[in-house]
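Only one structure is covered here, and it is reproduced in the block below.
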Amino acid sequence: MSDNTPSPKLRLSGVTKSFLAPRTGLSTLAVAEMSLDIQTGEFICIVGPSGCGKSTVLNMIAGLDVPTAGVIQKDGQAVTGPGADRGVMFQDYALMPWQTVEGNVGFGLRHGTPGQHLNKTQRNQRIAHFIDLVGLRGSEHKYPHQLSGGMRQRVALARLLANGPDILLLDEPLGALDAQTRLILQAELLRIWGETAPVTERKTAIFITHDIEEAVLLADRVVVMSTNPGRVREVVTIDLPRPRAGKARTHPRFGVLVEHIWSLIRDEAYRAIGGDESLAKPTEEATA
Amino acid sequence: MTNMNAGQRAAAWGRKLVLPVLLIAAWQFWASTLPTGSPAPAPLKVLQTLGDLLSTGSLLSATVQSLGRVVLGFAMASVLGIALGLMMGASQAVRENLDPIIESFRPIAPMAILPIAILWLGTGTPTALAIVAYASFFPVLINTVHGVSRVDRKLVLASRTMGISRWTILTRVVLPGALPSILLGTRLAMGVAWTAIIAAELAVGAKSGGGGSGGIGQMMFVFYAYNIDLNAIVVCMAVVGVVALLIDQLFRLVEKRLIPWKA
């Protein structure tokens, strides 16, 4: 992706984030010099070993963290704080335990900026619409503790969409689910994102995952990050045809792309679990 | 909450009553061995005294007066404790400034401020209110601060990404998130308040010579210092215990209604 593409949806220029350790006063570089342009309607996945600053990047785009250096621009405007135009789906869903499904989906509409231009009837219609979209009709009055992990994830997704953000920031949203539920929700996510719609009608999505296959299945481009400090190692364009749901895994390119991304992070992944690098070497040569 | 049918519930109650009934029976048996005219309290005499005190209405009015003071003093402490607790929980600056003051007052027992309260506020209701409010303030405050500090940070962050203002986050996220802990604090506070009022009224009774400021504590004082009546004192003690039990049950009921997500 060249840097002179006109008006990207989101532009990260030299984004750097360092944290000060509260006691020692030492500074740790979490993200270094990250530059990336993301176009409207693109589905970007970020993969990398744990500790590569994936979540930090997402939080900075959300406006919950401030870059130490560099600029994040959305539609040409610098991001200065959180806003409902950039919706976040957190790893553990962050549902309000005291709110029902209906109350959680409508939380932003009722108490935040997304519902300001709507009257009560319109809000309720919008809430019902998104509860339907994620297949939770009939569970409106249940509390989160009464729901399965997959259902909670759907509530979080419905809440995210009900707020009408134009950028979806998803922080390992499927990480805690079992394999089958995961497959189903990946397909649903692609449908809701607008895989079958024209590119201009799609949302812009940034999706963090540690699952390489998931990244290849979902993304238009996969940003592979390396650790210490977190920086972009390579941006891999996923040239699999869409719609992919259910079919892409059997495409001959699928395995090639997965293997390529794995080769980029393998060494660090081994180091992260304390394994011997020499274990990784022979396989690397075999696939090179 | 477990599901029990009426028969099981009755059986459970029956088991709880076995020991008290046995103890009261033993007490009555011991009392029957005493010579007639002995001032020692006995269950049957206590019941008789209870009947007398109820028929004159003095027991009821004394209980209502004490309860009124407790409710009012508790309400004042709760409003102040919850508001201050939310502020301390939400703002580090407020917390760091107030914490030393609160921690230095907290070990001072409610009865220890009684002398000052009597000198400043007299021996009537204002002193009783001050003692009750002082006693119940700390459990409310400390549990509110604790509850706020344990509200999931992610919920606050998520709210900020939904364009929700800081004030709304405080009332709609932090307050409900801390509510279970706040309710626990108020329940503890109510228990402490009820204990404190009896002690305060007893002490105020001594100062005012068993005068007209009333309350069940002072009623006990009169039966202790003037017309010595051990049976009446036991009646007062039993009323204090039963009222405390009812208050606690009421709070548990309210808790269940207010936090249905913790079913």
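The values are calculated or read from the model by the stated rules, or taken from the named source; none is laboratory data. Only a predicted model underlies this, so the values are computations on that prediction, with no experimental measurement involved. Every residue, glycine as well, gets a Cβ built from its backbone with ideal geometry; the counts of neighbours run over all protein chains shown. Surface areas here come from the heavy atoms of the whole protein model, side chains and all, with no ligands, DNA or RNA. Shrake-Rupley method; radii C 1.70, N 1.55, O 1.52, S 1.80 Å.
Structural remarks
- Hey, A:Leu174 more than 14 Å from chain B (Cβ to nearest Cβ) and crowded, with 19+ Cβ neighbours inside 10 Å or not: yes
- When residues in the range B:32-67 are screened for being open to solvent by 40 Å² or more (accessible area, probe 1.4 Å) and assigned to a helix (DSSP H, G or I), 16 of them pass.
- Flag if B:Ile197 is assigned to a helix (DSSP H, G or I), open to solvent by less than 20 Å² (accessible area, probe 1.4 Å), touching a Lys or Arg at 6+ places or on another chain (Cβ under 7 Å) and more than 14 Å from chain A (Cβ to nearest Cβ): yes
- Condition check for B:Leu230: open to solvent by 40 Å² or more (accessible area, probe 1.4 Å), in contact (Cβ under 8 Å) with a residue 60 or more places away in the chain and not acidic (Asp, Glu): yes
- Of all residues making up the range B:128-144, the number that are under 12 Å from B:Leu86 (Cα atoms) and open to solvent by 30 Å² or more (accessible area, probe 1.4 Å): 1
- Candidate set from the range B:147-169 (those that are part of a helix (DSSP H, G or I) and open to solvent by 40 Å² or more (accessible area, probe 1.4 Å)); member that is farthest from the other protein chains (Cβ to nearest Cβ): B:Ser149
- Check on B:Gly7, farther than 26 Å from B:Met190 by Cβ and part of a helix (DSSP H, G or I): yes
- Residues located in the range B:241-252, provided they are within 16 Å of B:Ala189 (Cα to Cα) and of a type in the set (A, V, I, L, M, F, W, C): B:Val243, B:Ala244, B:Leu245, B:Leu246, B:Ile247, B:Leu250, B:Phe251
- Selection from the range B:97-116 of residues that are open to solvent by less than 50 Å² (accessible area, probe 1.4 Å) and either over 22 Å from the mean Cα position of the chain (by Cα) or touching a residue at least 24 places away in the same chain (Cβ under 8 Å) (or both): B:Leu98, B:Ile102, B:Pro110, B:Leu114
Residues are listed down the side, and each one gets a yes or a no for (1) closer than 20 Å to A:Gly164 by Cα; (2) in a loop (DSSP other than H, G, I, E, B):
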position: A:Thr80; (1), (2): yes, yes
position: A:His129; (1), (2): yes, no
position: A:Gly135; (1), (2): yes, yes
position: A:Lys142; (1), (2): no, yes
position: A:His145; (1), (2): no, no
position: A:Met151; (1), (2): no, no
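- Boolean, A:Leu95 is in contact with a helix residue (DSSP H, G or I) (Cβ under 8 Å, 6 or more places away or on another chain) and open to solvent by less than 10 Å² (accessible area, probe 1.4 Å): no
- Considering the range A:98-109, the residues that are in a loop (DSSP other than H, G, I, E, B) and not aromatic (Phe, Trp, Tyr) include one that is most open to solvent (accessible area, probe 1.4 Å), namely A:Gln99.
- Test: residue in the range A:59-76 that is facing another protein chain (nearest Cβ under 9 Å) and in a helix (DSSP H, G or I): yes
- Residues (in contact with a helix residue (DSSP H, G or I) (Cβ under 7 Å, 6 or more places away or on another chain) and either outside any helix (DSSP H, G or I) or open to solvent by 20 Å² or more (accessible area, probe 1.4 Å) (or both)) located in the range B:68-88: B:Leu72, B:Phe74, B:Met76, B:Leu80, B:Ile82, B:Leu84, B:Leu86, B:Met87
- The residues on offer are B:Ala83, B:Ala90, B:Ala77, B:Ala109, and the sole one that is modelled with pLDDT of 90 or more and more than 15 Å from B:Met190 (Cβ to Cβ) is B:Ala83.
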